[in-house]
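Below is one structure, written out as structure tokens, with a few remarks after it.
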Amino acid sequence: MLISCSSYGQLDSIQLIPEVDILDTRNSLFWSLRDWDYISTEKIQELQPLDAADIIQKFAGTSIKSYGGLGGLKTVSVHGLGTNHSAIVVDGQSLVNSQSGQVNLGQLSGDNLTSVETSSGRQKLHTIPVSAQIAGNSIVLNTFENSFSKSGFQLRSSFKYGSYNHQSAYVGLKYTNANWLFSGMGTFRRADGNYDYSVQNGFQTLEGKRHNNDFLNYSFGGTIGRQGERTRFRAGYRQSETDQGLPGAVLLYNQTQNERLRTGNKTAFADFYYRNDPWIIRAYANGRHNNVRYADPDYLNAAGELIVDYLNRSISGGVVVQFYPMWDKLHFYGGVEQVVSDLHVSDTTFALPVRFHNYGILGVEYFVKKFILKAHISEQYVSERNNNGVNAQDRFRINPYASIEYDDDRKWKHMLWYRNSFRMPSFNELYYNNIGNNNLVPEDAHQLNYGLVLTAYNRTKFNARLRSNVYINFIENKIIAIPTKNLFVWSMQNIGKARVYGFETMLNLEAKFNKGWKMSIDANYSYQRSLDYTGKDSPTYKHQIAYIPLHTANFDVSVYYKKTGLRISNYFTSLRYSLNENVEQNEVEAFLITDLSIFHRFVVKEKHAISVQFLVKNVFDQSYAYIRSFVMPGRNYLISLSYAFN
């Protein structure tokens with residue numbers, strides 16, 4: 001005890017430790033270890049999508065409605081729920097369109113997308129807008145221009161040329177360092193769209209050429225941002241303009257459709273992110289200005305034409321909060337959001353509605369051993385004023401959510417969740433002169449889902465993952481839209497009650513061989529039984545709901561040798577019905593579409609990369625249609641040249 005000793009430790013000063021950048025590389029199309037589907041930058045580049053819809057249709061459980069290829073209207077249904085139940089989020093901002101209630105995926109370019117992910121159940125992204133967190137489904141898209149990094153100056157560009165005089169170009173510039181982000185982008189797309197088609201009309205085969213299907217679009221935007229140790233701020237602006245023909249349905253040998261549609265979208269957005277353990281706070285806001293001009297030069301009225309202008313404006317803002325009092329055990333999250341939107345129409349007989357839509361959410365997540373328990377309560381309050389007619393009723397809903405997850409940290413993960421969601425009818429559904437139905441009531445959906453994730457094999461040279469879901473959806477007062485004359489005139493109706501029984505499974509295999517060879521297989525299959533349960537006396541009782549396929553599937557195979565690759569992509573949609581009455585006259589034929597692409601990547605002086613790709617779409621020249629009489633292109637070709645500088 002009397003002998004003294006000396007001990008030596010670290011220096012009594014602050015030591016600077018070099019930081020390490022961790023790059024998250026997810027090479028599989030469906031990263032099954034996540035609780036939602038994910039498509040990475042590499043797979044997006046291989047797919048060479050013309051728009052966001054080409055990517056989203058690769059997810060299990062999704063049904064795309066496309067009305068004519070490039071430039072045509074494209075919407076998505078997930079797990080049998082209507083398009084309006086899906087929230088589309090781009091760079092953390094929801095796309096709001098209270099006029100139609102849906103987002104045209106055909107106008108969202110795929111050239112600048114770095115990732116796409118979708119969730120219809122357990123939502124981990126608590127920093128996205130509240131309206132997206134409580135929607136029936138959420139689809140989150142991230143772009144190159146709006147992400148922070150420390151790579152200095154970066155450039156992305158691409159040029160595509162294909163059949164039907166399809167031309168598109170994209171340029172994205174970004175400068176980032178430890179604190180600042182400056183970026184800008186521009187896109188241009190056009191196509192004549194005058195493709196040949198062949199459709200069966202009774203006992204005759206009708207052949208012709210698609211007319212009035214041209215498309216011209218350009219967009220541009222920019223973002224500025226600054227981040228610190230605990231904060232991040234971004235502000236930006238995007239604008240797009242589109243001029244396109246509306247070819248209409250191929251009916252009765254009618255080749256005289258001359259309707260035109262011009263749309264313009266302007267968006268200003270900003271968000272602020274703050275993190276200081278145990279708090280995470282994000283505030284966001286955006287304003288949207290959407291104008292539409294519909295022109296029919298052959299309209300039968302005194303003027304001999306019909307030209308109507310629509311202006312849909314919206315302002316939204318909100319705050320989301322996460323709180324971790326016990327970081328590894330207990331999480332709280334919540335938020336509020338307010339959206340104000342209106343609609344102005346040049347037609348003096350049209351309604352002039354203003355909508356105030358409030359969202360709120362409060363939830364808790366608890367981790368105990370290998371279980372994760374989660375629950376939240378959300379609310380929606382909608383107040384509507386019509387300055388030219390009768391007001392729609394105010395609506396208020398409380399929607400619960402609960403889930404339980406078991407993860408053994410090795411191979412198996414089980415998830416069971418329940419969600420109740422609610423969506424209001426759009427302005428068009430309620431008020432539009434030719435299609436509006438003031439008696440429409442909001443849709444209420446109850447979703448119950450059991451999911452299983454299996455990592456069957458996980459080694460350096462071989463990975464095998466499997467994910468499956470079984471779900472039941474109960475939908476009350478379901479609203480469906482049926483196109484009639486063309487893409488601008490529809491029929492809206494409540495069908496009362498609907499039930500969706502579904503199953504989906506996804507498989508991903510990756511194998512690496514010697515001498516630079518590797519291969520990946522991405523496959524999924526979805527079964528959706530969407531039935532009308534309105535009334536036993538109804539002629540459509542227990543019939544499949546219009547345009548919901550019973551079976552859909554994707555099967556993609558990619559083979560790589562060093563920097564060269566070959567990809568075969570297959571998409572299958574089974575027979576559907578054009579109306580809720582499932583009779584032979586309403587059948588829409590099934591189709592299987594195969595695409596083939598060959599690509600090669602050159603690396604020049606490390607920081608320069610050039611990619612060349614040749615793509616054949618619809619290899620077997622199938623005649624098909626997502627929507628009855630809206631025929632799609634046959635075999636067509638696309639050449640793509642991309643350049644990147646890091």
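The values are calculated or read from the model by the stated rules, or taken from the named source; none is laboratory data. This one's a predicted model, so the numbers in the text were calculated from it and none came from an experiment. Heads up, the Cβs are rebuilt from the backbone with ideal geometry, glycines too, and the neighbour counts pull from every protein chain shown. Side chains are part of the model used for accessible areas, which takes the heavy atoms of the whole protein and leaves out ligands, DNA and RNA. Shrake-Rupley method; radii C 1.70, N 1.55, O 1.52, S 1.80 Å.
Just for region 178-203: of the residues that are open to solvent by 70 Å² or more (accessible area, probe 1.4 Å) and at pLDDT below 85, which one is nearest to residue 51 (Cα to Cα)? If we take residues in region 178-203 being open to solvent by 70 Å² or more (accessible area, probe 1.4 Å) and at pLDDT below 85, then 196 is nearest to residue 51 (Cα to Cα). Within region 79-102, residues that are farther than 22 Å from residue 61 by Cα have Cβ atoms under 6 Å from residues that are among the basic types (Lys, Arg) and surrounded by fewer than 22 Cβ atoms within 10 Å (Cβ to Cβ) in these pairs: 98/355, counting only partners at least 6 apart in sequence or on another chain.
Among the residues of region 367-378, are any more than 26 Å from residue 137 (Cα to Cα), hydrophobic (A, V, I, L, M, F, W, C), open to solvent by 20 Å² or more (accessible area, probe 1.4 Å) and not in a strand (DSSP E or B)? No; the residues of region 367-378 include none that is more than 26 Å from residue 137 (Cα to Cα), hydrophobic (A, V, I, L, M, F, W, C), open to solvent by 20 Å² or more (accessible area, probe 1.4 Å) and not in a strand (DSSP E or B).
If you go through region 454-472 and keep only what is open to solvent by less than 60 Å² (accessible area, probe 1.4 Å), under 23 Å from the mean Cα position of the chain (by Cα) and among the β-branched types (Val, Ile, Thr), you end up with just 472.
Within region 628-638, is there a residue that is over 23 Å from residue 50 (Cα atoms), open to solvent by 50 Å² or more (accessible area, probe 1.4 Å) and touching a residue at least 24 places away in the same chain (Cβ under 8 Å)? No - not one qualifying residue is present in region 628-638. Set side by side, the residues 324, 299 differ, and just one is outside any strand (DSSP E or B) and in contact with a Leu (Cβ under 9 Å, 6 or more places away or on another chain), which is 299. Here the strands (runs of 3 or more DSSP E) wholly within region 104-172 that include at least 3 residues being out of contact with any Phe, Trp or Tyr (no Cβ under 9 Å at 6 or more places or on another chain) and within 30 Å of residue 413 (Cβ to Cβ) are 137-143.
Only one of these is open to solvent by less than 50 Å² (accessible area, probe 1.4 Å) and either modelled with pLDDT of 90 or more or β-branched (Val, Ile, Thr) (or both): 155, 125, 206. Name it.
Details: 125 fails: either modelled with pLDDT of 90 or more or β-branched (Val, Ile, Thr) (or both); 206 fails: either modelled with pLDDT of 90 or more or β-branched (Val, Ile, Thr) (or both).
Among 155, 125, 206, only 155 is open to solvent by less than 50 Å² (accessible area, probe 1.4 Å) and either modelled with pLDDT of 90 or more or β-branched (Val, Ile, Thr) (or both).
If you check 218, 294, 273 for being of a type in the set (Ser, Thr, Tyr), in a strand (DSSP E or B) and more than 20 Å from residue 146 (Cβ to Cβ), only one passes: 294. Here residue 175 meets each of (1) within 27 Å of residue 613 (Cβ to Cβ); (2) in a strand (DSSP E or B); (3) open to solvent by 50 Å² or more (accessible area, probe 1.4 Å) with one exception, condition (1). Mind telling me which of the residues 609, 523, 511 ends up being assigned to a strand (DSSP E or B), among the small types (Gly, Ala, Ser), touching a Leu at 6+ places or on another chain (Cβ under 7 Å) and modelled with pLDDT under 95? Of the residues listed, the single one that is assigned to a strand (DSSP E or B), among the small types (Gly, Ala, Ser), touching a Leu at 6+ places or on another chain (Cβ under 7 Å) and modelled with pLDDT under 95 is 523.
Number of residues in region 261-280 that are closer than 14 Å to residue 311 by Cα and more than 21 Å from the chain's Cα centre (by Cα): the value is 2. Quick check on residue 311: is it closer than 30 Å to residue 285 by Cα and either open to solvent by 20 Å² or more (accessible area, probe 1.4 Å) or part of a strand (DSSP E or B) (or both)? So residue 311 fits the description; yes. Being among the basic types (Lys, Arg), open to solvent by less than 20 Å² (accessible area, probe 1.4 Å) and within 27 Å of residue 267 (Cβ to Cβ), is that true of even one residue in region 413-426? Looking for residues that are among the basic types (Lys, Arg), open to solvent by less than 20 Å² (accessible area, probe 1.4 Å) and within 27 Å of residue 267 (Cβ to Cβ), one finds at least one in region 413-426, hence yes. Within region 560-598, the set of residues being open to solvent by less than 50 Å² (accessible area, probe 1.4 Å), in a strand (DSSP E or B) and not hydroxyl-bearing (Ser, Thr, Tyr) comprises 565, 567, 570, 576, 588, 591, 593, 595. Considering region 331-361, and only residues there that are surrounded by fewer than 21 Cβ atoms within 10 Å (Cβ to Cβ), farther than 14 Å from residue 281 by Cα and among the aromatic types (Phe, Trp, Tyr), the residue that is nearest to the chain's Cα centre (by Cα) turns out to be 356.
Of all residues in region 276-291, those satisfying the criterion of being assigned to a strand (DSSP E or B) and of a type outside the set (A, V, I, L, M, F, W, C) are 276, 282, 284, 286, 287, 288, 289, 290, 291.
Residues in region 87-101 that are buried (at least 23 other Cβ atoms within 10 Å of the Cβ), touching a Ser or Thr at 6+ places or on another chain (Cβ under 7 Å) and not hydrophobic (A, V, I, L, M, F, W, C): 94, 98, 99.
Contact annotation: residue pairs with Cβ atoms under 7 Å, 6 or more positions apart or on different chains, pairing a residue in region 291-303 that is under 30 Å from residue 96 (Cα atoms) with a partner that is assigned to a strand (DSSP E or B) and among the aromatic types (Phe, Trp, Tyr), are 291/310; 292/310. Within region 222-233, is even one residue aliphatic (A, V, I, L, M), in contact with a strand residue (DSSP E or B) (Cβ under 7 Å, 6 or more places away or on another chain), over 14 Å from residue 112 (Cα atoms) and outside any loop (DSSP other than H, G, I, E, B)? Yes - at least one qualifying residue is present in region 222-233.
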